[in-house]
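The next block holds one structure in the form of C-alpha cells; read it before the comments.
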Amino acid sequence: MTHNPPAREMELMALKALSYADDHISDAFEMKDVSEYLGISYSYFYHSFTTVIGEPYWQYVKRHRLEVSAGLLRHSGYNISEIGDRTGYATVAAYTKAFTQYFNKSPRNFRKIETLPNEKRTLDMVNLIVQAFDKQGELFTPLFSFERTETDHLPDSTLYYNLLSRGQDPVAQMIMKMNREEQRMRGIISNHNLVNAKVITSTLDSVPVTDYERMSMYAGILIPNKDVTPALEQTILGEKLMIKRIPGGHYITLPVPTDFATAGIPMYEFIDRYIKEGVFKMSGTHFFISMLAPNSCVIYIPHFKQLI
C-alpha cells in the first residue's frame with residue numbers, strides 16, 4: 001500500500017530540506033544526504049520538494065548560494081575568493097563562472113552596481129505593507145543614526161526557527177503570524193529558563209538580491225550553544241522547528257522604540273547607507289531584529305571588528 005502523507009507533512013519535509021541547504025551553505029553535500037537526513041526516499045524527496053517549493057531542490061540550492069554570495073559582495077568586507085568559499089564553491093573560477101551565468105555580470109562587476117535591479121521594487125513593496133500595519137504612521141528614520149549604535153559580541157549560537165512565509169506577500173504573512181509565533185517562542189524560553197535567549201526575526205535570504213515573492217521570513221529563538229540541553233532539543237523536535245548554526249562574532253546593535261515590522265525598512269536603508277559610506281562592513285548576511293516588547297526591539301548587524 002502506498003503511503004501518501006498529508007500536505008502539511010509534505011510541506012514540513014520540504015521546508016526542512018530548505019533549512020538544511022541554508023545551514024550547509026558552505027558545505028559540499030548531495031541530494032541523497034538530504035533525503036537520508038529527512039528519512040525519505042530520494043525519488044519522493046525530489047518530487048515533493050519541487051511540488052511544495054515550486055523549483056527543483058538543486059536549483060534552489062544553487063540560487064540561494066549565489067544570492068547570498070551577491071549579498072556578501074554588496075555588503076561584506078570579504079574578497080571574491082573568500083565569498084566563493086563561504087558559499088560552497090571549491091575554486092574562485094567555479095564561483096565566477098556560476099555567478100556570471102546566473103547574474104549576467106561577473107562578481108567584480110556586480111560589486112560596482114550602485115542600485116540592484118530588485119532593490120527599489122522590494123523596498124517599495126515592503127514599505128507599503130509596513131505602512132498598512134503601522135499604527136503610528138511613521139518609520140522613525142531619525143532614530144536610524146550610526147551615532148546611536150553600540151557594539152556587542154555574541155557567542156556561537158543556534159537558531160531554532162519557524163518559517164512564516166513561502167510564496168506571495170512574505171512580509172505581510174510574517175506580520176500576520178508573528179504574534180502567535182512570538183508567544184510560542186517565549187513559552188519555550190520560559191519553560192527551559194533560557195535567560196540568554198533572544199526571540200528574533202529576519203529572512204534567510206539576501207535582501208535585496210532575492211525576489212520579494214521568494215523571501216523566506218522567520219521567527220525564532222537564538223540560543224547560545226552552551227545553554228542547549230537534551231531536554232530543550234526534545235522540545236524543539238516536538239515543536240518541529242528548523243535549525244541554523246549562527247557563528248559567534250561582533251555585532252553592531254541599534255535599539256529602536258518600535259515594533260519589528262516598522263523597523264524593517266529603515267533597518268535596510270541604515271545598513272546600505274553606512275556600508276556605502278565605508279563606516280563598516282558586514283561579516284555575514286544574517287542581520288536580525290531581536291524583539292524585546294511590543295514597541296521595543298534591537299537590530300543586530302554582524303560586522304568586522306574594525307570600525308572607522
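Can you name the residue in region 189-204 that is part of a loop (DSSP other than H, G, I, E, B) and either crowded, with 22+ Cβ neighbours inside 10 Å or without any contact (Cβ under 8 Å) to a residue 40 or more places away in the chain (or both) and is also nearest to the chain's Cα centre (by Cα) among such residues? Spell out how you get there, then give the answer.
Kept after step one, since they are part of a loop (DSSP other than H, G, I, E, B), are these residues of region 189-204: 192-197, 204.
Now drop any that are not either crowded, with 22+ Cβ neighbours inside 10 Å or without any contact (Cβ under 8 Å) to a residue 40 or more places away in the chain (or both), which leaves 193-197, 204.
Working: Asn193: 26, Leu194: 22, Val195: 23, Asn196: 21, Ala197: 18, Leu204: 2 Å.
Per the criteria, the residue is Leu204.
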Give all pairs with beta carbons closer than 8 Å in which a residue from region 263-274 that is in the same structural domain as Ser76 (by TED's automatic domain parsing) and over 14 Å from Ser202 (Cβ atoms) meets a residue that is surrounded by fewer than 22 Cβ atoms within 10 Å (Cβ to Cβ) and of a type in the set (S, T, N, Q); count only pairs at least 6 apart in sequence or on separate chains. none
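Yes or no, residue by residue, for (1) surrounded by fewer than 21 Cβ atoms within 10 Å (Cβ to Cβ); (2) in contact with a Ser or Thr (Cβ under 8 Å, 6 or more places away or on another chain):
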| site | (1), (2) |
| --- | --- |
| Met242 | no, yes |
| Ala261 | no, no |
| Gly278 | yes, no |
| Ala293 | yes, no |
Determine which single condition Ile25 fails, assuming it passes every other condition in (1) under 20 Å from the mean Cα position of the chain (by Cα); (2) surrounded by 15 or more Cβ atoms within 10 Å (Cβ to Cβ); (3) not in a loop (DSSP other than H, G, I, E, B). (3)
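The values are calculated or read from the model by the stated rules, or taken from the named source; none is laboratory data. As the structure is a prediction and not an experimental result, all values here were calculated from the model. Cβ coordinates were reconstructed from backbone atoms using ideal geometry, including for glycine residues, and neighbour counts include every protein chain displayed.
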